[in-house]
């Protein structure tokens with residue numbers, strides 16, 4: 001059954017790539033987006049897959065599970081990401097931040113009941129957000145062109161290259177037992193999508209180009225993070241909670257759709273869309 005699923009998934013990927021390439025990859029003159037024809041087609045595919053599969057499951061999840069339980073689930077996944085965040089902070093030479101991340105993990109994994117409670121934040125240990133793409137950026141690696149990946153969403157070429165390592169570094173991809181890994185992955189994806197219910201509805205009602213808005217926000221967010229806040233921003237209401245690790249991919253096609261950063265980033269930005277648009 002597993003082989004059949006993999007064959008189906010590969011066939012779906014081939015079909016999607018063929019369709020999007022047929023849509024054209026012509027440059028529109030935007031130096032950050034030379035593949036806009038392809039990217040817009042893939043963006044649309046990811047949106048439709050989310051609407052058909054992932055969003056309905058997230059709505060059921062939100063309706064069935066009470067808020068305190070959902071908060072605990074989010075805390076667990078946040079805690080599991082801290083070791084990889086710590087490693088990337090250390091690779092960037094930010095020793096104090098890296099040690100703080102390790103202390104967060106140790107504290108939340110023990111006194112925080114395996115991460116269910118965020119004791120570390122209460123103790124004054126700030127939550128950081130680092131990944132290999134940011135590390136490569138700090139090392140001087142250029143970001144390359146903007147590209148929308150099937151299921152995984154917006155990336156730069158640099159972030160796409162870092163994606164496999166980020167996937168392996170972030171739980172649940174480090175879990176060897178496949179059924180357990182897939183169960184944890186599905187839970188993480190559905191939880192992430194449930195957080196965004198309502199926010200993406202606001203974006204849908206806004207009179208703006210969804211694709212361009214997501215692209216510009218993603219690029220600005222990445223540059224801001226890599227510069228550790230030194231990069232000037234158009235989106236002044238930047239919210240750290242909108243940052244889902246770019247490497248948070250998935251094993252299942254249906255689950256993977258929600259991890260794309262179109263929803264994660266744009267949904268959180270919807271309330272400030274009008275001002276952002278007017279500043280451009």
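Where a number appears in this text, it was derived from the coordinates with a stated rule and is not lab data. Bear in mind that the values here come from a model prediction, so they are computed numbers and not experimental data. Don't worry about glycine lacking a Cβ; one is built from the backbone with ideal geometry, like all the others, and counts go over all protein chains shown.
Listed by Cβ neighbour count within 10 Å, with the fewest neighbours leading, 85, 119 appear as 119, 85.
In nm, what is the difference between 0.36 nm times the number of residues separating residue 228 and residue 208 and their Cα-Cα distance?
Additional length available on full extension: 4.3 nm.
The modelled label-to-label distance for the pair residue 70/residue 91, using points 7 Å beyond Cα in the direction of Cβ, is 3.3 nm.
The length gained by stretching the chain between residue 181 and residue 99 to full extension, at 0.36 nm per residue less their Cα-Cα distance, is 26.8 nm. Between residue 168 and residue 141, the contour length at 0.36 nm per residue exceeds the Cα-Cα span by 7.6 nm.
Taking other C-beta atoms within 10 angstrom as a stand-in for reagent exposure, 171, 71 fall in the order 71, 171, fewest first.
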